[in-house]
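Undergrad: What follows is a structure written as structure tokens; I'll ask about it next.
Bear in mind that the values in this text are calculations on the coordinates, not laboratory data. Keep in mind that this is a model prediction, so the values were computed, not measured. Glycine also receives a Cβ, built like all others from the backbone with ideal geometry; neighbour counts cover every protein chain displayed.
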Amino acid sequence: MRSSRLQQLTQSLPPVYFSFIMATGIVSIGAHVAGLETISIPLFWLNKAVYVYLMILLAGRLLFFFPALLTELTSHDKGPGFFTIVAGSAVLGVQYKLLEQNNERAMMLLVFAVVVWVLVVYTFFVGTIVESEKPTLEKGLNGTWLLLVVSTQSLAVLGTLLTPHLPYSAAVGLLSTVCAFLLGFLFYFIFVTLILYRLLFMPEKAENFTPPYWIDMGAVAITTLAGATLTETIKTTVGTGLVDMLPFIKGISILAWATATWWIPLIILLEIWQHGVKRVPLTYSPPYWSLVFPLGMYTVCTWRLSEALRLPFLRPAAHACLYVALIAWALTFLGLCIQTARSLSQQPG
């Protein structure tokens with residue numbers, strides 16, 4: 001019976017489960033920058049264990065259920081969820097770099113994340129472009145499309161942190177991460193324009209307003225983090241020729257942070273409308289980790305922006321958001337545990 005359950009998990013593994021790695025990793029990093037190592041380290045170990053488990057399931061799905069996986073990857077609805085594999089791997093790599101100073105393991109995760117990003121980006125875009133029957137904008141587009149932005153910026157963050165340890169010059173490394181940063185920024189404005197068009201000019205049912213819409217905020221929060229990380233690294237790295245870009249990168253970082261801040265009240269009000277006015281039940285589902293991740297990312301990006309631009313008055317906002325992110329993580333993890341316990345209790349024998 002256990003083998004049957006494992007086979008079912010492997011066959012139906014949604015890639016969005018890697019959002020657990022993203023959420024847990026960024027909350028751990030947020031606790032680390034705030035000096036809360038008693039919280040940060042256990043979350044790091046939990047993340048490592050769950051990542052290995054998910055990678056085993058993913059490998060099994062690749063080996064035994066590849067046609068179904070490819071169908072999902074080239075679909076408008078489920079395809080963007082595969083970018084969580086990239087972002088989760090990169091966030092775990094940042095944990096290895098910051099919490100354990102394990103540059104080798106972080107480098108392995110960076111290489112893996114870059115390879116997966118290339119495969120997923122071009123398979124997804126080609127597959128959806130050549131598809132003969134396509135969904136309407138209302139049915140085919142949602143907040144998960146911004147995972148493309150999150151995954152791209154996660155590579156920029158980890159790649160920038162590992163610049164001194166890359167097997168080529170710092171100039172090449174930083175140019176690559178600057179390009180990833182700018183590409184992610186471009187993708188954001190393309191897709192968020194379409195998402196806002198859908199929200200403003202098409203009917204929106206309360207049950208369709210799912211947690212991944214928080215990625216609207218999380219995508220610009222991680223853009224802020226990438227910009228702040230690049231700013232600090234470029235300033236302290238000699239001979240890259242990128243110093244002249246610093247004002248531009250700082251400007252984008254502030255714009256991204258302001259946009260992320262603007263999103264928060266709007267999404268909270270829409271959550272109140274969904275659950276308070278329309279009475280949509282609040283029950284656990286894996287996409288809720290897509291809500292936790294932006295909260296943790298806003299904490300870290302605000303902290304790093306305050307350091308990069310010498311704006312210490314932003315730190316209280318980062319501290320406050322950290323506790324909100326920790327509570328959100330704990331409640332979502334509790335929901336996961338309850339759902340798992342119920343699922344196991346319903347298994348015959």
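Undergrad: Say the dipole of region 2-345 comes from +1 at the beta carbon of Lys and Arg and -1 at that of Asp and Glu; which of ALA325, TRP263, THR123 then lies farthest toward its positive end?
TA: Of the candidates, ALA325 comes out farthest on the positive side.
Undergrad: What residue among TYR188, VAL86, ALA228 has its Cα farthest toward the positive end of the dipole of region 2-345, where the charges are +1 on Lys, Arg and -1 on Asp, Glu, each on the Cβ?
TA: VAL86
Undergrad: Same structure again: Take the alpha-carbon centre of region 49-113, take the same for region 128-189, and report the distance between them in whole Å.
TA: Centre-to-centre (Cα) distance: 15 Å.
Undergrad: Viscosity 1.567 mPa s, temperature 4 °C: what is the translational diffusion coefficient of region 16-145 from Stokes-Einstein with a Kirkwood Rh over Cα pairs, rounded to a whole number of µm²/s?
TA: Diffusion coefficient, whole number: 82 µm²/s.
Undergrad: Let's see if you can work this out: charge +1 on each Lys and Arg Cβ, -1 on each Asp and Glu Cβ, no other charges. What is the dipole magnitude of the chain about its Cα centre, in debye to the nearest 20?
TA: Result for the chain is approximately 420 debye, rounded to the nearest 20.
Undergrad: In whole Å and largest first, what semi-axes does the C-alpha gyration tensor of region 96-150 yield when each eigenvalue is scaled by 5 and square-rooted? Let's see the in-between values first.
TA: Values: eigenvalues 223, 40, 4 Å².
They are 33, 14, 5 Å, listed largest first.
Undergrad: Further question: For region 205-218, take each phi angle, set θ = phi - 60°, evaluate the Karplus expression 6.51 cos²θ - 1.76 cosθ + 1.60, and give the result in whole Hz per residue in order, putting x for glycine and proline.
TA: The phi angles translate into 7, 4, 6, 8, 7, 8, x, x, 5, 5, 5, 3, 7, x Hz.
Undergrad: If you don't mind, another one. Bin width 10 Å, origin at 0, all Cα-Cα pairs of region 218-316: what percent of pairs per bin?
TA: Calculated over all Cα pairs of region 218-316, the distribution is 15, 38, 26, 14, 6, 1 percent.
Undergrad: Hey, another quick one. Can you pull the three principal axis extents for the Cα set of region 283-349, in Å, largest first?
TA: Answer, in whole Å and largest first: 61, 16, 15 Å.
Undergrad: Between PHE248 and SER343, take the C-beta separation as r, use R0 = 56 Å, and let me know the FRET efficiency to the nearest 0.05.
TA: Efficiency computed from Cβ-Cβ geometry: 0.65.
Undergrad: Straight-line reach from LYS250: which lysines have Cα under 21 Å away, leaving out those fewer than 8 places along the same chain?
TA: The reachable lysines, counting only those whose Cα sits under 21 Å from LYS250, are LYS235.
Undergrad: Next question, about the same structure. Order by neighbour count: ASP77, ASP216, fewest other Cβ atoms within 10 Å first, most last. If you can, show how the numbers build up before the last one.
TA: Numbers: ASP77 13, ASP216 24.
With the sparsest Cβ surroundings first, the list reads ASP77, ASP216.
Undergrad: Between ILE264 and LEU119, what is 0.36 nm times their sequence separation minus the Cα-Cα distance? Round to one decimal in nm.
TA: 49.0 nm
Undergrad: Take the alpha carbon atoms of region 2-345, find their radius of gyration, then divide it by 2.2 N^0.38 Å using N residues; give the quotient. Display every interim value, and only then the final one.
TA: On the way: Rg = 19.4 Å, N = 344, 2.2 N^0.38 = 20.2 Å.
Region 2-345 yields a ratio of 0.96.
Undergrad: Taking the Cα centre of the chain as the origin and placing charges on Cβ (Lys, Arg +1; Asp, Glu -1), which of LEU295, TRP45, PRO247 is farthest toward the positive end of the dipole?
TA: TRP45
Undergrad: Let me ask something additional. Using the scaling law 2.2 N^0.38 Å as the reference, what is the normalised Cα Rg of region 141-247? All intermediate terms of the calculation are to be shown ahead of the outcome.
TA: Working: Rg = 16.4 Å, N = 107, 2.2 N^0.38 = 13.0 Å.
Dividing the Cα radius of gyration by 2.2 N^0.38 Å gives 1.27.
Undergrad: In region 89-115, whose amide N lies under 19 Å from the spot 7 Å out along Cα-to-Cβ of TYR168? List them in ranges.
TA: Flagged as within label range: 107-115.
Undergrad: Multiply the residue gap between GLU232 and LEU137 by 0.36 nm, knock off their C-alpha separation, and tell me the result in nm, one decimal place.
TA: Length gained between GLU232 and LEU137: 30.3 nm.
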